[in-house]
Every structure is written in C-alpha cells, then in structure tokens.
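Comments concern the structure below.
The values are calculated or read from the model by the stated rules, or taken from the named source; none is laboratory data. The shown structure was predicted, so the numbers you read here are calculated from the model rather than taken from an experiment. Glycine also receives a Cβ, built like all others from the backbone with ideal geometry; neighbour counts cover every protein chain displayed. All accessible areas refer to the heavy atoms of the entire protein, side chains included, with ligands and DNA or RNA removed. Shrake-Rupley method; radii C 1.70, N 1.55, O 1.52, S 1.80 Å.
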Amino acid sequence: MQPGPRNLITDVSGIYVGNSACPQLRSGVSVLLGDAPFTAAVHVMGGAPGTRETDLLAPDKLVQQVDALVLAGGSAFGLDACSGVVDGLAAMGRGFAVGDVRVPIVPGAILFDLLNGGDKAWDRNPYSDLGRAALGARSPDFDLGTVGAGFGAATGRLKGGLGSASAVLGNGITVGALVAVNAIGSVTVGDGPHFWAAPWELGTEFGGLGLPIAFDGSMEPSPQKQLGEATTIAIIATDAALTQAQAQRMAVAAHDGMARAIVPSHTPMDGDLVFAVSTGAVPLGDPVADPFLLGHAGACVLARAIARGVYNAQHMTGDFQPSWRARFG
C-alpha cells in the first residue's frame, strides 16, 4: 500500500473535513461530510465513551446512512457540536427524508479536554457554534496537529492532536483515517522520540526515526490522567462498497491500529472509539479477500494517523505538556 496524494482521509473521493477551534477555550471540533449520505458503523472499546446517535449505526436499525460525523472536545458539552452541524445541514437541505421533512443524521463522539488550562467558564455552551463553523470550513485539504478536535488534546506525556493518513491498496481501493489523539497512554517509546507506530510508517511522515534499538518490555505504566480524562476517537473511511455490518467489522479491526500506536490503549479511563465510513464508490472485487485486506489497512492507517497527530502538534503558551517538536524536534 502507498499513501494517497494528500495522505489524508480526504483521499477517499467525495469526503471532506472541516475543523474549528477556540484558542481561549483550548478546544475544538472536526466534522467529516460526504458529497452524499454514506454508510457508517461504530465500535467502542474504551471504558469511558461519550457519544451521540451511535445506537442507530447498528446493522439492524432503520437508518442505514448518515450525513456527517463529528469528533469534538469538551466532554459531554462537546456533544452539542452535533446540533450545530445538524442545523447547518438542515439549512443546506440535507437529511433523512420523512415525508416533506428532512432530518440530518449526525452521530458524534467526544474527548475530555476540560482541564487543559482553557477558559471553560462559559455562559452558553460554545460547541454548537464550533460545530457549525467546522461544517462551514469543510475542504479536501486540512492541517494536522493542534487543530479541530485535537486542539486541546493531550497524551500520557506529550501534547495530542488531530491526525490523518491514507493508503491506496493494490486492488485500487482507498482507505483513510482521521483521529483526535487524547490518550491516557503514550504514543512514544519510553522517554525517547520514537513512535510505537514506527513499523507502519510510510516514508518519513512522522520523522522516519524507526524504533529504538532496544526498549524495556517489562514496563508497567501508571495512569497520567484521572478517570474519564482521556479518549482517542477516530474515523476510518473507504471508497469500497460495504454494508453496515462489513463497515463495523472494519471498525473492529481498525482498533488494532490504536493498540499498535498507543501504549496502553482501550483502558477503563479511555473512551476509545472508531467510526467506519463507506462511500460505496468502488465495488468489492473479492467478497472475502477485500474485507480481509480492508481491516488490515484500516489498522495501519489509524496507527500512522495517531503518530502524525502528535508529531504535528504545535507549541502554545500555557501548555501543560510539551509538544513532540518542542521536546525532540
């Protein structure tokens, strides 16, 4: 597999990402939107998730496609970002048709960034406005690091961030990942600069450092955050034509990429979650081999996207943690 031309999730044709953030709040929102409604599924492995409208993504539910997905900071307050996206999509005439009414379907997930030094003493929840602003900023091109849902993110030792990566497979299918990295675990090995995701790096997309010659596998990590203060939330997208059940299996497999890139991951204190998206543009050539390969590709692009999010995080005055670049760059 090779990275797509942008090395972003938007290498999946017909998908766009918009980001918004408030520096004073130290938080933000990311929105993924398609040219048309898309098939979506979800799989949750963390012990402290925060979500909206994820129940309808089960294969047995009435609505089989959604209009957009939202990743947001703000913990439970951040779920209101979905409302802003719903309002914006309604103004665009988008949504699930019920008679002459259209109801935009916008599932979302949040991470905890309420204790990162930002001003959280608002009189009115700001996340609806941030969601609508992110929708308005949608584009095939976007920045990584301290942007969108990753604006106020942190990991066990370093600043977190928003990451993305893509892969074009030999069968012509494209797979991409978008992730807000706010893990309780670490994305780097020990106290050094090397990323756990190094075996899956393509080129020098997060420094090309490889793994250290040796590291201590007997490490017993201790939590660097409190209960509920973490969470890594991600979206895996493909142009392959998948059913909702097949998309869910891709989401399940993609969690392997989170475990490769964050040590430890899927803890009781994280709300680790992966959405899966299928635009349906490319028919499956082999109904057995292609889904098998898509799960592997989803894990690989997610591991890479996680490392890229931390690698590209920018230093800001008042940070509680150093960025990777400030410490090692």
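If you take all C-alpha pairs in the stretch 170-329, what percent of them are over 22 Å apart?
Numbers: 5706 of 12720 pairs.
Considering the stretch 170-329, 45 percent of its Cα-Cα pairs are separated by more than 22 Å.
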Please give the per residue accessible area of the chain, computed with a probe of 1.4 Å over protein heavy atoms only, in Å².
38 Å²
Going residue by residue through the stretch 137-153, the Karplus relation 6.51 cos²θ - 1.76 cosθ + 1.60 with θ = phi - 60° gives ³J(HN,Hα) values, rounded to whole Hz and with x marking Gly or Pro, of 8, 4, 6, x, 10, 7, 7, 10, x, 8, 9, x, 5, x, 4, x, 7
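Give, to the nearest whole percent, the P(r) tail of the stretch 251-329 beyond 22 angstrom, counting all Cα pairs.
Values: 1292 of 3081 pairs.
Pairs farther apart than 22 Å: 42 percent.
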Sorted by chain and number, the residues with a modelled amide H under 5 Å from that of THR188, at a separation of 5 or more or across chains, are TRP196
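With +1 on the Cβ of every Lys and Arg and -1 on the Cβ of every Asp and Glu, and nothing else charged, how large is the dipole of the chain about its Cα centre, in debye rounded to the nearest 20? Walk me through the numbers on the way to the answer.
Values: 19 positive and 28 negative charges, 75 e Å.
Its charge dipole is roughly 360 debye.
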FRET efficiency, ALA214 to GLN2 (Cβ-Cβ, R0 35 Å, nearest 0.05):
0.70
Cα atoms only: what Rg and Dmax, in Å, come out for the chain?
18.2, 64
Starting from one equal scatterer on each C-alpha and no solvent at all, send me the Debye-based log10 I(q)/I(0) for the stretch 225-283 at q = 0.17, 0.21 Å⁻¹, two decimals.
-0.59, -0.78
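Go ahead and run the numbers for FRET between THR204 and VAL263, Cβ-Cβ distance against an R0 of 30 Å, rounding to 0.05.
Working: r = 22 Å, r/R0 = 0.74.
Calculated transfer efficiency: 0.85.
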For the stretch 108-261, just the Cα set please: Rg and Dmax, both in angstrom.
17.3, 52
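Would you mind putting 52-63, 237-248 in packing order, based on average other-beta-carbon counts within 10 Å, highest first? Each step should come with its number before you reach the end.
On the way: 52-63: 14.0, 237-248: 22.8.
In descending order of packing, they fall as 237-248, 52-63.
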Using the membrane-span-like helix rule (whole DSSP H runs, Cα extent along the own axis of at least 18 Å, mean Kyte-Doolittle hydropathy at least 0.5), which helices of the chain qualify?
289-311
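For the stretch 1-152, report the convex hull volume of the alpha-carbon atoms normalised per residue, in Å³, without decimals.
Working: hull volume 19.8 nm³, N = 152.
Convex hull volume per residue, Cα atoms: 130 Å³.
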Over the chain, the sum of -39500 (n - 2.57) across DSSP H runs of at least four, divided by residue number and rounded to 500 deg cm²/dmol, gives at 222 nm -6500 deg cm²/dmol
q = 0.16, 0.28, 0.30 Å⁻¹: log10 I(q)/I(0) that the Debye formula gives for the stretch 135-199, counting C-alpha atoms only
-0.66, -1.20, -1.27
Candidates ILE184, ILE173, ILE233, ranked by Gaussian network fluctuation over the chain, Cα under 10 Å, top entry
ILE173
If one builds a Gaussian network model of the chain from Cα atoms under 10 Å apart, the most fluctuating residue listed among PRO268, PRO287, PRO23 is PRO287
J(HN,Hα) series, the stretch 234-240, from Karplus relation 6.51 cos²θ - 1.76 cosθ + 1.60, nearest Hz, glycine and proline x
9, 10, 10, 10, 8, 8, 5
Any residue on another chain or 5+ positions along whose placed amide H is under 5 Å from the amide H of ALA240 is listed here as THR174, THR279, GLY280, VAL282
